[in-house]
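Enquirer: If you scroll down you'll find the structure; I have some questions about it.
The values are calculated or read from the model by the stated rules, or taken from the named source; none is laboratory data. Since the model is a prediction, treat every value here as computed from it, not as a measurement. We place every Cβ from the backbone using ideal geometry, glycine too, and count neighbours over all the protein chains shown.
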Amino acid sequence: MAFSSCLLQSHPFTLPRTLNLPPLSLSSKSLKPICSIPHRELLTSISASISSPSPSPPHKLPPDFTTKQLLDAISQQNDETSVLNLFYWASEHLNFKPSFYEEIIRKLGHVGSLDSMKQILEDMRVSNCRPTEGTFQIFIENYAKRGLYDEAIGVLDTMEQAFGLKPGPYTYNFLLNVLVDGEKFKLVKSVESMMFNKGVEPGVPTFNILIKALWLCLTKNHDLAIDLLHGMKNQGCRPNEHIFNILINGLCSSGKLDRALGLLKDMESSGCTRGVVTYNTLISGFIKNKRIEEAKESFDRMILERLQPNNITYNSMLYHYCRVGDIKKTADIVQTMTSNGCEPDVVTYRALIQGLCNVDRIEIAIRLLITIQMKGMALAPQTYNPLLRELFKRKKTKAAMRLFREMKEKGDPPDAFSYETVFRGLCSGGGPIGEAVDFVVEMTEKRLIPKFSTFCVLAERLCALSMEDTLVMLVERIMVTYSFSENEASMIKGFMKIHKFEDALATLGGIFNRRNPKRGY
């Protein structure tokens, strides 16, 4: 992956006026702004403006303290007053070093005292103590932690205007990194442009940060990610296939297929190879959005470009033909797949079983399931669920229950949809009511809640058979499983106690809908 200073746009970019980025204000309101002022007099003035000087050492330090002793003492302070008192006390001793300023500023940032940090920085300015870039990075970090990103950028102006210190690549990289971590991608683009416009030469760390920003954008902001991508091209940098694929996948996932096609053309014009992953992403996107002709065209273009389709390619095409029940076309694809050396996998068989069930060829689907099991493949619930649905639809309740129990033993554990399918089948198939009751108990033991509309069917049958006590038991289990409040449970129990079961069920359904309206109870 080759990257250079051409990563982003070459045209001049200035910060929008609406940003109103504030410089780091250095107020000398209570200070004498004369650089030649004696250091001790200056510190006395600062301590008077911030807090009263401590009459005795705030920490057990000897007058001839070492650097390590002072730094250890600073690290043990937990509030602004203690930090400043220690600073004042230490500054009156001959072995106070300018490097201590940075540690005091860092500690003030740790305890959240931005104003005092700026006050100490002003002391450094008027006493001709030149800060390092690391000092300003402490300000950038602390502003960013508090979400003050405009102020963090304003630190760059303070460095140049108040201290004559030109920010270098390390400071820009530090700022870019905190902006990326805060997902302030527009500000990332602005600061990157400032960096280039001021002639600061980026290095490998800069490009790593910008690539990190690009990849985060791919999942958060496709438009901005495309802007960054075009910036790379405009600067003469060629984004590689991996970056294009991630962006194309993001666009396909969000249904922006035309923009994804535009990027496919960009890949060609950029001289970037379009591989199997690229086409698989497009084909899958077209299939999911029912743009079948374009999926076929992409498949054909793959072949023309001498790319070998793989299982993912064939499975995407199978998904469509199985969904619409085109068994002939499905068989042709499986034949082509195997002749080209691609062995059907679990996804292939899942699609085939779904297709067979859709055209009412359940006997063949069951034989295919047995074949898969003989191959030793571990099957997911999605493979069994279409068969369960069709068996219950044919009133083959015993066969469906055998398949469900077999699923628990041989495949992955049944999912919520498996349980709902079985429960609906038991309630509507006219089978033994005791089996449906036991199944609700099993569901609640697994912290699953039966679909309310189906549960109402069971409730009606229980009331018709004068099995109200069983209904009360099931409702109570559901309320415990779904963590009903004491008031909610009390209201429903009250209705059931006076045999107003319709009111109890209506209240139960209302609570379900309020808690999870999308499920469609």
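Enquirer: For residues that are assigned to a helix (DSSP H, G or I) and closer than 28 Å to Ala436 by Cα, tally how many sit in the stretch 368-399.
Expert: The total comes to 18.
Enquirer: When Arg350 is evaluated against the numbered criteria (1) charged (D, E, K, R); (2) more than 26 Å from Leu471 (Cα to Cα); (3) surrounded by fewer than 20 Cβ atoms within 10 Å (Cβ to Cβ), which criterion, by number, is the only one it fails?
Expert: Among (1) charged (D, E, K, R); (2) more than 26 Å from Leu471 (Cα to Cα); (3) surrounded by fewer than 20 Cβ atoms within 10 Å (Cβ to Cβ), Arg350 violates only (3).
Enquirer: Another question, if that's okay. Sort through Ala504, Ala436 and tell me the only one that's in contact with a Phe, Trp or Tyr (Cβ under 9 Å, 6 or more places away or on another chain) and closer than 27 Å to Lys393 by Cβ.
Expert: Ala436
Enquirer: Answer yes or no as to whether Glu420 is of a type in the set (Asp, Glu) and under 21 Å from Pro386 (Cα atoms).
Expert: yes
Enquirer: Condition test on Lys396, is it within 30 Å of Arg350 (Cα to Cα) and more than 41 Å from the chain's Cα centre (by Cα)?
Expert: yes
Enquirer: Are there any helices (runs of 4 or more DSSP H) wholly within the stretch 228-317 with 3 or more residues that are within 27 Å of the chain's Cα centre (by Cα), and if so which?
Expert: Because the criterion is at least 3 residues that are within 27 Å of the chain's Cα centre (by Cα), the helices (runs of 4 or more DSSP H) in the stretch 228-317 that meet it are 241-253, 257-269, 276-288.
Enquirer: Among what's in the stretch 290-330 and is in contact (Cβ under 8 Å) with a residue 24 or more places away in the chain and aromatic (Phe, Trp, Tyr), pick the residue that is nearest to Gln382 (Cα to Cα).
Expert: Selected residue: Tyr319.
Enquirer: Which residue pairs have Cβ atoms closer than 8 Å, lie 6 or more positions apart in sequence or on different chains, and pair a first residue in the stretch 333-361 that is charged (D, E, K, R) with a second residue that is in a helix (DSSP H, G or I)?
Expert: What qualifies is Glu343/Asn311; Asp345/Asn311; Asp345/Asn315; Arg350/Gln382; Arg350/Thr383; Asp360/Glu390; Arg361/Ile327.
Enquirer: Identify all residues within the stretch 185-212 that are surrounded by fewer than 21 Cβ atoms within 10 Å (Cβ to Cβ) and assigned to a loop (DSSP other than H, G, I, E, B); write none if there are none.
Expert: Within the stretch 185-212, Lys198, Gly199, Val200, Glu201, Gly203 qualify.
Enquirer: Can you name every residue in the stretch 372-398 that is out of contact with any Phe, Trp or Tyr (no Cβ under 9 Å at 6 or more places or on another chain), among the hydrophobic types (A, V, I, L, M, F, W, C) and surrounded by 14 or more Cβ atoms within 10 Å (Cβ to Cβ)?
Expert: Within the stretch 372-398, Ala380, Leu387, Leu391, Phe392 qualify.
Enquirer: Go through the stretch 153-167 residue by residue and tally those that are of a type in the set (Gly, Ala, Ser) and at pLDDT 90 or above.
Expert: Looking only at that region, the number is 1.
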